[in-house]
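Notes follow the structure.
The values are calculated or read from the model by the stated rules, or taken from the named source; none is laboratory data. From a predicted model like this one, the values you see are computed outputs, not experimental measurements. Because the Cβ atoms are built from the backbone with ideal geometry, glycine has one as well, and the counts that use them run over all protein chains shown. Surface areas here come from the heavy atoms of the whole protein model, side chains and all, with no ligands, DNA or RNA. Shrake-Rupley method; radii C 1.70, N 1.55, O 1.52, S 1.80 Å.
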Amino acid sequence: MPFEIVNGDITKLNVDAIVNAANNTLLGGGGVDGAIHRAAGPELLKECMTLGGCETGQAKITKGYNLPAKYVIHTVGPIWQGGKANEPELLASCYTNSLKLATQYECETVAFPLISSGAYGYPKMDAMEIAGETIKEYIREHDMHVFLVIFGHESFFRNKPLYQTVQEYIEKHYNEFAAEAICEGNSRYYAETRRRREWDFENHPPLESKKLSIEDVDWEEVINQTDKGFSQTLQDMIAARGIKDSKCYNDAQIDKRLFSKIKSDPQYRPSKPTVFAFAIALHLNLKETEALLETAGYSISNSSKFDLILRCCIGNRIYNVGQINEVLYEYDLPQMGSVANE
Ligand code: AR6
């Protein structure tokens, strides 16, 4: 279910399987292929020699040897030839076939590099689009945590309208909110900044004005009993929305096991990103989000960029964890649904 875009070196990840962007021979090469063979040691090449190569778009699996990962899934991306040689379909099948192998080998955590985007010359933005869409489609139906590992911090989402809206919002409010904290004693200043903040959402049409797919709910009764704690409040909210648990944790991109843990432990205190993820899955407005945060002992902080991003997205009725995670990635902030947060 959860999908995270992270920065780093894939050979260092402690996951069930890492995916290698290999070539048809499967006998090693440069880029991420070279790095994986170096880190795994010579035994990996020995096993690869028994595999008889691999077709473009297909995948084969080996052990991980000296890597922290248990398995390496070797896939061969298409060489970019201008886009008219079936490259998008072949690239998508690299992800799907690798994920199918991972399922077959009962892998719960899988990490991909951005296949074909180096020596094979696939335009990076397009490669990212295909990777994101294909992985998200697969994990909708499969219980798996997938990482897309970007080598070196590269930007992918700065041209998107949501990033630009958030950026403007942060530019406008970040200093103001920081100043607000300093001037806490000055109630006139505080009232003024608060008024301006509220004006923002009241007078600007939200980005997403289409009708929500879930019926609006009168939360009054649900959120008035905040002493119930997070676990019970969340369950009441899910019941009030009339949705299945699975829809809620899938939309929140929260791991099923984490959800069960939260449900069975009335005292469970989730991380802040996890609370926000549920607020988004439940399509809460800002007031309701604040009430849910309060049940876990949090409030929205005016001097935290993470909180400002979430405030901006929820104020604009952006209820898509994937889109919000793209913005968080650009700001190098923890993403919602990340196990590392819990
Ligand atoms: N961790 C994560 N990503 C990495 C790492 C790393 N350690 N090293 C590089 N990348 P490439 P391709 C990124 O060229 O385009 C090989 O020689 C890199 O920044 O490794 O599919 C094979 O043998 C880029 O975004 O793979 C083939 O002949 C991405 O991994 C050929 O290259 C993929 O770049 C395959 O080319």
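I'd like the accessible area for S116, computed on protein heavy atoms only with a 1.4 Å probe and all protein chains in place. Round to 10 Å², please.
The accessible area of S116 comes to roughly 10 Å².
Note down the accessible area of E168, probe 1.4 Å, to the nearest 10 Å².
It works out to around 130 Å².
For the stretch 3-150, which whole percent of the accessible surface, found with a 1.4 angstrom probe, sits on carbon and sulfur atoms?
On the way: 3360 of 6530 Å².
Using a 1.4 Å probe with all protein chains present, the stretch 3-150 comes out at 51 percent carbon and sulfur.
So for each of 90-98, 272-280, 58-66 I average, over its residues, the number of other beta carbons within 10 Å; can you give me the resulting order with the highest mean first?
Peptide ranking by packing, descending: 272-280, 90-98, 58-66.
How big is the gap, in Å, between the Cα center of the stretch 127-149 and the Cα center of the stretch 39-58?
A separation of 24 Å, based on Cα centres.
At a threshold of 8 angstrom on Cα-Cα distance, excluding pairs fewer than six apart, so keeping six or more, what relative contact order does the stretch 3-150 reach in percent? Let's see the in-between values first.
On the way: 297 pairs, mean separation 45.9, N = 148.
Worked out over the stretch 3-150, it gives 31 percent.
Where the eigenvalues come from the Cα gyration tensor of the stretch 21-89, what are the semi-axes √(5λ) of the equivalent ellipsoid, largest first, in whole Å?
24, 12, 10
For the stretch 3-150, report the accessible area per residue in Å² (1.4 Å probe, heavy atoms, rounded to an integer). Before the final figure, lay out each step's value.
Working: 6530 Å² over 148 residues.
Per-residue value: 44 Å².
S246 label point, 7 Å along Cα→Cβ, cut-off 11 Å on backbone N: hits in the stretch 131-165?
Within reach of a label on S246, which here means backbone N under 11 Å from a point 7 Å along Cα→Cβ, the stretch 131-165 contributes 141-143.
State, in angstrom, two size descriptors of the stretch 3-150 derived from its alpha carbons: Rg to one decimal place and Dmax to the nearest whole number.
Just the Cα atoms of the stretch 3-150 yield Rg and Dmax of 13.7, 39 Å.
Over the stretch 266-322, calculate the relative contact order: mean separation of alpha carbon pairs under 8 Å at least 6 apart, over the residue count, as a percent.
Numbers: 41 pairs, mean separation 23.2, N = 57.
Contact order relative to length: 41 percent.
Quick one: which residues, 5 or more positions from L148 or on another chain, have an amide H under 5 Å from its amide H? H modelled 1.01 Å from N in the peptide plane, none for Pro or chain starts.
E4, I5, V6, F112
At what distance in nm do the modelled label points of K136 and F151 sit from each other, each positioned 7 Å from its Cα along Cα→Cβ?
The two pseudo-label positions are separated by 2.6 nm.
Could you tell me which of rounded, prolate or oblate describes the stretch 253-336, using a ≥ b ≥ c as the square roots of the eigenvalues of the alpha-carbon gyration tensor, with rounded for a/c under 1.5 and, failing that, prolate when a/b is larger than b/c and oblate otherwise?
Judged from the Cα gyration tensor, the stretch 253-336 comes out prolate (a/c at least 1.5, a/b above b/c).
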